[in-house]
Every structure is written in structure tokens, then in C-alpha cells.
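Chemist: Quick one: the structure is below, questions incoming.
The values are calculated or read from the model by the stated rules, or taken from the named source; none is laboratory data. Given the structure is predicted, the values throughout are model-derived calculations rather than measurements. Note that we place each Cβ from the backbone using ideal geometry, even for glycine, and neighbour counts take in every protein chain shown. Areas reflect the complete protein model, heavy atoms only, side chains present, ligands, DNA and RNA absent. Shrake-Rupley method; radii C 1.70, N 1.55, O 1.52, S 1.80 Å.
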Amino acid sequence: MPVTVASVVTLLGAFVTTTLAHGYVTGYVADGVQKPGFLLQYYYDKKNGMKVPDLAAWYAENLDSGFVAPDAYGTADINCHKNSSPGTLTTPVAAGASVTFQWGTAAGGAWPHPYGPIIDYIAACDGDCAKADKTKLKWVKIQASGIDYNTQEWASAKLVANNNTWTTKIPASIAPGNYVLRHEIIALHGGNSLNGAQNYPQCFNIQITGSGTAKPAGTLGTALYKNTDAGIHFNPYTTIKDYPMPGPALFTG
């Protein structure tokens, strides 16, 4: 079948729409200090033999600014995104302090998905997080925000309204040490279909300082979710009175 200009334009339009329809953390503020995220251009710089900056943000190959699908929950990608590997630096954060994540798209646009929860985890590293094995990290849920039942506004919509930013607090009781901080949006605009949800995990090496003593047990990434979980295979297009938050129990110590 001959390829027409119209068909090429249609295909390009579909590609651009797909690419720009998702997003990632472009930067973050820890203890009041601005830090860079892992930008998609760094993947291509690395492949072309160019120097890539040292970052605390993890490397990932979500080249379409895309997501981890529920049928991949049993793979290592669910930890810190597709083909991820640790950042080379570590960002200091005091226990009890906040980290603000700044989301964007490959084209510099706003986060596009207003339906879905935002969840944050930490996992203790056995030594330097730059050498962490993502398959052995055990995640502790430290923050989980779903939907405001009164306004029917999802956490993702609040992020958009807050200039595409989300702030989470490191629990004051957590013992000092090296951790991976995992920040995740679960987009549910397609969640009414099995495997239609979209997970966007983003990881960062942090060093928690302070005098806390808590060392809570965590959960392996591949055990965090199942594609049949009630909060994953979920229809957001109705009045919601009870949303079952995905993942393990929230740490409240």
C-alpha cells in the first residue's frame, strides 16, 4: 500500500501525542536546595558518548516519558522505571524535612493526568545507594494521597493545580542513613480496564540525617502491587466514596 503524506502526518501526530502525553520529574527541592532530575536528553547524550552529569536522580529509559504497565509489576522496572540504574550522587535530607518534586513533559508542558494517587516510599541501602541493587530494595510507604471525597479531586489534580509540584515529608522518626526515595504517580484514566493503569516511579538517592531510630521493614518492588488490586483496576469516572490505596500499609511511626 503506498505511503501518503497524510498517512505520515497521522503517524507522526500519533507519536508526538503519545510522547507528550506522559511525564517525569524534571527537578526537585530537598531541604530548600534545588536539584536536577534525570532528563530524557541524558539517555541520548550517554548513547552518543557525551558526558552525562552526576546526579542523585536515577537513570531510566522511559524514552517516551512513559510508564510501567500493571502487567510489568513482576519485573524490576516497577522499582525505579524502565531499565533504571542508581544515580551517582546522594542528596542530604534531614528527617522531618520536605522534598518537593517538579513534574513536566518532554515538551515542557504540564502533567496531563488528573486521575490517580501519589505515593512515596523509602528503601534503606546497604551502604552507598550508588551501588544499590534495585531488585533487593525493600520499600517503606511514607506518604499516600488518593482522592478528596468531598471535592472528588485526586492527588494528581492537586499536583497540576500546584504548578505541577508535589511535596512529601520524610518522617522525623526515620534513622539516619542512605536511602532511595521513590516518588510515584499512578495514573488511573485507563484504570477501568485491566492493565490500563499507568505507574510513573521516580527514584533519588538521599542521605537522611537526624536522630531518629526507626528502621521499618519494607516490601520488595515486585510485591508492591498486582494488576488486579482494587486500587489499580479501578474506574475513576464515577462518584467515589471509598478508594482502596494500592501498596503496603503506610508507615506511621
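Chemist: Could you please give the count of residues in the range 154-173 that are out of contact with any strand residue (DSSP E or B) (no Cβ under 7 Å at 6 or more places or on another chain) and either at pLDDT below 95 or not β-branched (Val, Ile, Thr) (or both)?
Modeler: Within the range 154-173, the first condition is being out of contact with any strand residue (DSSP E or B) (no Cβ under 7 Å at 6 or more places or on another chain), and the residues that meet it are 157-158, 160-163, 172.
Imposing the further condition that a residue be either at pLDDT below 95 or not β-branched (Val, Ile, Thr) (or both) reduces the set to 157-158, 161-163, 172.
Result for the range 154-173: 6.
Per-residue answers, yes or no, for (1) over 13 Å from the mean Cα position of the chain (by Cα); (2) under 22 Å from Tyr59 (Cβ atoms):
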| position | (1), (2) |
| --- | --- |
| Thr165 | no, no |
| Ile170 | yes, no |
| Ile174 | yes, no |
| Ile185 | no, yes |
| Gly191 | yes, no |
| Leu194 | yes, no |
| Gln198 | no, yes |
| Cys203 | no, yes |
| Gln207 | yes, yes |
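Chemist: Return the pairs, sorted by first residue and then second, in which the second residue is open to solvent by 30 Å² or more (accessible area, probe 1.4 Å) and modelled with pLDDT of 95 or more, the first residue lies in the range 232-253 and is under 30 Å from Ala95 (Cβ atoms), the beta carbons are less than 6 Å apart, and the residues are 6+ apart or on different chains.
Modeler: Cβ pairs passing all conditions: Pro244/Ala230; Met245/Ala144; Pro246/Asp229; Pro248/Thr219; Leu250/Ala144; Phe251/Pro216; Gly253/Ser173.
Chemist: Among the residues that make up the range 212-223, is at least one of them closer than 30 Å to Gly96 by Cβ, among the polar types (S, T, N, Q) and open to solvent by 10 Å² or more (accessible area, probe 1.4 Å)?
Modeler: Yes: the range 212-223 contains one or more residues that are closer than 30 Å to Gly96 by Cβ, among the polar types (S, T, N, Q) and open to solvent by 10 Å² or more (accessible area, probe 1.4 Å).
Chemist: Considering each residue of the range 87-128, count those that are buried (at least 18 other Cβ atoms within 10 Å of the Cβ) and either on the phi > 0 side of the Ramachandran plot or among the aliphatic types (A, V, I, L, M) (or both), and give that number.
Modeler: The qualifying residues number 10.
Chemist: Please enumerate the residues belonging to the range 159-216 that are assigned to a strand (DSSP E or B), of a type in the set (Ser, Thr, Tyr) and either in contact with a Phe, Trp or Tyr (Cβ under 6 Å, 6 or more places away or on another chain) or farther than 18 Å from Gly146 by Cα (or both).
Modeler: Hits for the range 159-216 are Tyr179, Tyr200, Thr209.
Chemist: Looking at the range 32-75, which of its residues are surrounded by fewer than 18 Cβ atoms within 10 Å (Cβ to Cβ) and under 21 Å from Gly221 (Cα atoms)?
Modeler: Residues satisfying the conditions are Glu61, Ala69, Asp71, Ala72, Gly74, Thr75.
Chemist: Say whether the condition of being in contact with a Cys (Cβ under 6 Å, 6 or more places away or on another chain) and outside any loop (DSSP other than H, G, I, E, B) is met by at least one residue in the range 43-62.
Modeler: Within the range 43-62 (the criterion being in contact with a Cys (Cβ under 6 Å, 6 or more places away or on another chain) and outside any loop (DSSP other than H, G, I, E, B)), the answer is no, since none of the residues qualifies.
Chemist: Whether any residue in the range 130-143 is of a type in the set (A, V, I, L, M), modelled with pLDDT under 95 and out of contact with any Ser or Thr (no Cβ under 7 Å at 6 or more places or on another chain) is what I want to check.
Modeler: Looking only at the range 130-143, we keep the residues that are of a type in the set (A, V, I, L, M), and these are 130, 132, 137, 140, 142.
Now restrict to residues that are modelled with pLDDT under 95: none.
Checking the range 130-143: not a single residue is of a type in the set (A, V, I, L, M), modelled with pLDDT under 95 and out of contact with any Ser or Thr (no Cβ under 7 Å at 6 or more places or on another chain).
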